[in-house]
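Note sheet for the following structure.
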Amino acid sequence: MAINDVSTCDCDVIHEDVVEEVKKQMIEEDILIDVADFFKVLGDSTRSKIMFALDKKEMCVCDLSALLNMTKSAISHQLKVLRDAKLVNFRRDGKMVYYFLADNHVREVFEKAIEHVTEQ
C-alpha cells in the first residue's frame, strides 16, 4: 500500500485558464537556460566563497588566495568562470588587478540566497 503524499496532485483536472495565462507570460527558453546556468555557476562552494568575499570588499587574487587558503592558480581559474558568467568584474590599478561583484543585481541575488538558506 502506497503512502499518500500530500504534495502530489492526485487528480486529472487541467485548469486550462491557469495554463493559458501562464503560457502567455512564459519567457523564451534561451533566457531560462541562462538563468539555470547562472545558478549552476553559483553551485560550486569555492565560487560561492569568492562571491561572499567580493560581496564584502574588492580583492586581488593574492588576497583571495590567502583568505581561502588556495593557490593563486586555483583562484584565477574560478574567477575566470565567474567573469565568463558576468558575475564578477575587475579593475586595474598599476600592476594590481582587483575583482568585485559585477553589479547590484548580482549582489542582491547572492545576498537573497544567503538570507534564504539562513532563515530559521
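Coordinate-derived values only; no laboratory data. Only a predicted model underlies this, so the values are computations on that prediction, with no experimental measurement involved. Positions of Cβ are generated from backbone atoms using ideal geometry, with glycine treated the same way; all protein chains shown enter the neighbour counts.
Net charge near E111: determine it from the other residues with C-beta under 14 Å of the C-beta of E111, scoring Lys and Arg +1 and Asp and Glu -1.
-2
Could you tell me which residue out of I50, F38, I14 lies farthest along the dipole of segment 14-54 toward its positive end? Charges go on the beta carbon: Lys and Arg +1, Asp and Glu -1, centred on the Cα centre.
Checking the options against the dipole of segment 14-54, the answer is I50.
May I ask for the percentage of alpha-carbon pairs in segment 79-120 that lie more than 16 Å from each other?
Tail of the P(r) past 16 Å holds 49 percent of the pairs.
Once you place label points 7 Å from the Cα toward the Cβ at V109 and D63, how far apart are they in nm?
With each label point 7 Å from Cα toward Cβ, the separation is 2.3 nm.
Checking the table K23/K86; K24/K86; K49/K86; K24/K112; K40/K95; K72/K112 against a 22 Å threshold on Cα-Cα, which pairs fail?
Flagged as over cut-off: K23/K86; K24/K86; K24/K112; K40/K95; K72/K112.
Bins of 5 Å, beginning at zero and ending with the bin holding the largest distance: percent of Cα pairs per bin for segment 25-66, please.
6, 19, 21, 16, 13, 11, 9, 4, 2, 0
Go through segment 59-120 and name the GluC sites (Glu not before Pro) that are in a DSSP coil and have 15 or fewer other Cβ atoms within 10 Å of their Cβ.
E119
I'm spelling it out carefully: the read-out is Rg/Rh (Cα atoms, Kirkwood Rh), the candidates are (1) 0.95; (2) 1.17; (3) 0.98, and one was derived from this structure. Which label?
It is the one labelled (2).
What is the angle, in °, between the Cα long axis of helix 104-117 and the longest principal axis of the Cα atoms in the chain? Nearest 10 is fine, range 0 to 90.
60
Give me the angle, in degrees from 0 to 90, between the Cα long axis of helix 29-42 and the longest principal axis of the Cα atoms of the chain, rounded to the nearest 10.
It is inclined by approximately 50 degrees.
Taking 8 Å as the Cα distance limit and 6 or more residues as the minimum spacing, I'd like the relative contact order of the chain as a percentage.
20
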